[in-house]
1. Just one of the numbered conditions (1) within 30 Å of Leu309 (Cβ to Cβ); (2) outside the structural domain of Ala315 (by TED's automatic domain parsing) is not true of Glu116; which one?
2. Would you point out the residue of the stretch 43-64, among those that are among the aliphatic types (A, V, I, L, M) and touching a helix residue (DSSP H, G or I) at 6+ places or on another chain (Cβ under 6 Å), that is surrounded by the most Cβ atoms within 10 Å (Cβ to Cβ)?
3. When you scan the stretch 319-329, do you find a residue that is more than 15 Å from the ligand (Cβ to nearest atom), touching a residue at least 40 places away in the same chain (Cβ under 8 Å) and in contact with a Phe, Trp or Tyr (Cβ under 7 Å, 6 or more places away or on another chain), even just one?
4. Is the stretch 200-213 home to any residue that is at pLDDT 95 or above, among the polar types (S, T, N, Q) and in contact with a strand residue (DSSP E or B) (Cβ under 8 Å, 6 or more places away or on another chain)?
5. As an exercise: evaluate Lys148 against (1) within 16 Å of the ligand (Cβ to nearest atom); (2) exposed (fewer than 15 other Cβ atoms within 10 Å of the Cβ); (3) of a type in the set (D, E, K, R) and give the number of the one condition it does not meet.
6. Among (1) at pLDDT below 95; (2) small (Gly, Ala, Ser); (3) part of a strand (DSSP E or B), there is one condition Ser255 misses while meeting the rest; what is its number?
7. List the helices (runs of 4 or more DSSP H) that sit entirely inside the stretch 31-139 and contain at least 2 residues that are more than 30 Å from Ile321 (Cβ to Cβ).
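The values are calculated or read from the model by the stated rules, or taken from the named source; none is laboratory data. No experiment lies behind these values; they were computed from the predicted model shown. Methodologically, a virtual Cβ is constructed for each residue, glycine included, from the backbone with ideal geometry; neighbour enumeration extends over all protein chains shown.
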Amino acid sequence: MIEDLQELEDKAIAELQEAQTEDQILSIRTKYLGRKGLLTGLLRNISQVPDAQKPLFGKRCNEVKELLSARIEEKLLYQFQQKKEDALIKEKIDVTLPGRAVKYGRIHPVVQVNMEICSILASYGFSVVEGPEVELDYYNFEALNIPKDHPARDMQDTFYIEEGIVLRTHTSPVQVRVMEKIKPPVRILSPGKVYRRDSDISHTPMFHQIEGLLVEERVTFGDLKGILTAFLKKVFGDDTKLRFRPSFFPFTEPSAEVDIICVMCKGKGCRVCSHSGWLEILGAGMVDPEVFKFVDYDYEKYNGFAFGLGLERIAMLKYGISDIRLFFENDNRFLKQF
Ligand code: DAH
């Protein structure tokens with residue numbers, strides 16, 4: 001039995017010397033020292049050892065066990081360090097190599113138009129404010145004098161989050177939020193995302209609008225016309241012809257829509273303007289006293305005008321883009337052109 005023990009030790013050491021990988025070392029450990037391992041097996045047969053030799057046999061067993069354990073640990077550690085060194089050599093970074101060129105993006109055309117419009121209107125004293133995109137029905141509809149049975153409230157047109165909460169369908173609710181907080185004079189602009197259940201070549205479920213609001217004493221429709229005319233000529237060029245058409249919005253009275261002469265055909269009539277020669281560019285009007293009532297403004301003393309426009313539409317007309325979906329594909333070949 002003692003000779004068996006010596007043989008086992010020699011074999012184990014030889015195998016350990018041959019072992020190359022962590023897996024191999026671990027399986028040697030199991031093979032000799034595991035619960036069903038060879039050394040454990042020998043120990044279990046101690047009853048067959050003559051009594052006189054038992055103490056010596058037991059002692060040797062422990063020695064072999066300690067020796068093998070130590071050798072195995074040593075080899076594992078060595079293996080681990082070797083692996084680390086290999087990785088350090090393999091993964092070495094040559095810091096003297098030249099860097100990769102950074103590709104620059106562009107400012108998105110919608111953002112460009114937004115910045116341009118905001119800076120023009122800022123020069124007339126309008127300041128930029130923001131409102132939430134997830135909006136209460138109260139601000140999006142109710143306080144803008146849009147009654148419960150108005151078609152805009154239809155599930156077909158509006159994304160409802162839950163009863164009483166919508167994704168805002170326009171930036172007009174910011175008017176109400178601002179007027180609730182500050183007293184006249186008010187001159188604000190509110191750009192942002194709006195959402196409608198619409199998707200085709202000229203509609204996307206999310207697009208951008210800018211809302212403008214001016215409230216002071218003795219504001220007239222002439223002021224509205226004056227400011228919007230000056231503003232649109234700055235955006236589309238001094239010789240752009242405009243027309244104001246009567247229209248209807250629940251939150252303005254009277255209301256108007258503003259058209260510019262078609263940027264494609266200069267008024268002759270083409271596909272873009274549906275052969276009318278004109279393009280609708282924004283909605284506007286004198287703030288309806290009903291809206292002032294919601295925010296506790298003295299509608300005998302103050303009046304004002306509001307307007308709203310779609311940024312994608314302006315960018316499409318300004319740059320001659322025919323498909324609104326191009327704005328949302330993030331194709332650098334498209335974006336690079338602006
Ligand atoms: N909120 C309107 C829309 O989304 C646009 C609009 C029209 C805004 C007239 C106004 C306004 O402030 O006076 O269609």
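1. With respect to (1) within 30 Å of Leu309 (Cβ to Cβ); (2) outside the structural domain of Ala315 (by TED's automatic domain parsing), Glu116 is out only on (2).
2. Val64
3. Checked against the condition, which is being more than 15 Å from the ligand (Cβ to nearest atom), touching a residue at least 40 places away in the same chain (Cβ under 8 Å) and in contact with a Phe, Trp or Tyr (Cβ under 7 Å, 6 or more places away or on another chain), the stretch 319-329 yields at least one hit.
4. The answer is yes, given that some residue of the stretch 200-213 is at pLDDT 95 or above, among the polar types (S, T, N, Q) and in contact with a strand residue (DSSP E or B) (Cβ under 8 Å, 6 or more places away or on another chain).
5. Answer for Lys148: the failing condition is (1).
6. It is condition (1) that Ser255 fails.
7. 38-44, 54-90
Yes/no matrix, rows are residues, columns are (1) of a type in the set (Phe, Trp, Tyr); (2) more than 34 Å from the chain's Cα centre (by Cα); (3) over 18 Å from Glu116 (Cα atoms):
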| position | (1), (2), (3) |
| --- | --- |
| Val186 | no, no, yes |
| Phe207 | yes, no, no |
| Thr220 | no, yes, yes |
| Leu224 | no, yes, yes |
| Lys234 | no, no, no |
| Arg243 | no, yes, yes |
| Ser255 | no, yes, yes |
